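What follows is one structure encoded as structure tokens, with my remarks underneath.
The values are calculated or read from the model by the stated rules, or taken from the named source; none is laboratory data. Keep in mind the model is a prediction, meaning the values are calculated, not measured. Cβ: placed from backbone, ideal geometry, glycine included. Neighbour counts: every protein chain shown.
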Amino acid sequence: MYLEGKMAGFIDELASSSPEPGGGAASAAAAALGAALVSMVANLTVGKEKYADVQDRIAGLLEASEKTRGELQDLVQKDTEVYGVLAAAFKMPRGTDEEKAKRNEAVQSALREATAVPFAIAEKCLEVAKLSEVAAEIGNVNAVSDAGVAALLAESGAQCAALNVKINLNSIDDKDIVQEKWEAIKDILSRAQKLREKVVKVTYEKLG
């Protein structure tokens, strides 16, 4: 069975009453699956005589997808860790004005970090979307459906990460940071959507 061990444990943890891992980790995992599918398309194209003219590009694609996959897998864990820091900050004492000030400083710092992680996940999702485009265009046509799935997972991951960015931005006092990050996220979502639309279109065209 494929869903044994760590994967099954991760899904069980998502289903539990524990607040972590949560949506941020899930979005990184989804995009990591997308990156893995890009790698699969590349691996099914490497060394194939039919695709001799794109071997250099395929080798670069495989290297990039594996790098991105590793980064996303790290972000699954990182998202869980930053939530723990934020939860600890919220539990700090606030009986005096001094304690309130220290708590607020710690909470704001933790919120910025908790925003940075899903923001990084969204950026990596966009990378997966870009890589899926290459996979769909030059990869083994027998695996083109997997390139399409990768694009869909990438955009979905970006949308999910955006929700986690937004919920943290809502509690950040620095409005300049809030505006900057949200404008950047909207740009990522727009680009991911366009790539998904293009890749899915190419996928269906090649499927006939």
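So, in region 29-53, how many residues would count as being within 11 Å of residue 153 (Cβ to Cβ) and surrounded by 21 or more Cβ atoms within 10 Å (Cβ to Cβ)?
8
Count, please, the residues in region 63-107 that happen to be touching a residue at least 24 places away in the same chain (Cβ under 8 Å) and more than 28 Å from residue 13 (Cβ to Cβ).
So the answer is 1.
Residues that are acidic (Asp, Glu) and either at pLDDT 95 or above or on the phi > 0 side of the Ramachandran plot (or both): find the helices (runs of 4 or more DSSP H) completely inside region 1-115 holding 3 or more of those.
Fully inside region 1-115 and qualifying: 55-90.
Can you confirm whether region 170-177 contains a residue that is over 23 Å from residue 67 (Cβ atoms) and either surrounded by 18 or more Cβ atoms within 10 Å (Cβ to Cβ) or within 14 Å of the chain's Cα centre (by Cα) (or both)?
no
Determine the pairs where a residue that is farther than 12 Å from residue 28 by Cβ, located within region 110-136, has a partner that is in a helix (DSSP H, G or I) and of a type in the set (Phe, Trp, Tyr) with Cβ atoms under 8 Å apart, the partner being 6 or more residues away or on another chain.
114/83
What are the residue pairs meeting all of these: first residue in region 154-175, first residue acidic (Asp, Glu), second residue assigned to a helix (DSSP H, G or I), Cβ atoms under 7 Å, and 6 or more apart or on different chains?
155/129; 155/192; 155/193; 155/196; 173/108
Given 25, 64, which one is small (Gly, Ala, Ser) and surrounded by 23 or more Cβ atoms within 10 Å (Cβ to Cβ)?
Just a single option satisfies the conditions, and that option is 25.
Quick check, is residue 129 under 29 Å from residue 204 (Cα atoms), at pLDDT 95 or above, over 20 Å from the mean Cα position of the chain (by Cα) and not basic (Lys, Arg)?
Spelling it out, it is not the case that residue 129 is under 29 Å from residue 204 (Cα atoms), at pLDDT 95 or above, over 20 Å from the mean Cα position of the chain (by Cα) and not basic (Lys, Arg).
Quickly run through region 189-208 and pick out the residues that are within 15 Å of residue 135 (Cβ to Cβ), free of Cβ contacts under 8 Å to residues at least 40 places away in the same chain and within 18 Å of the chain's Cα centre (by Cα).
none
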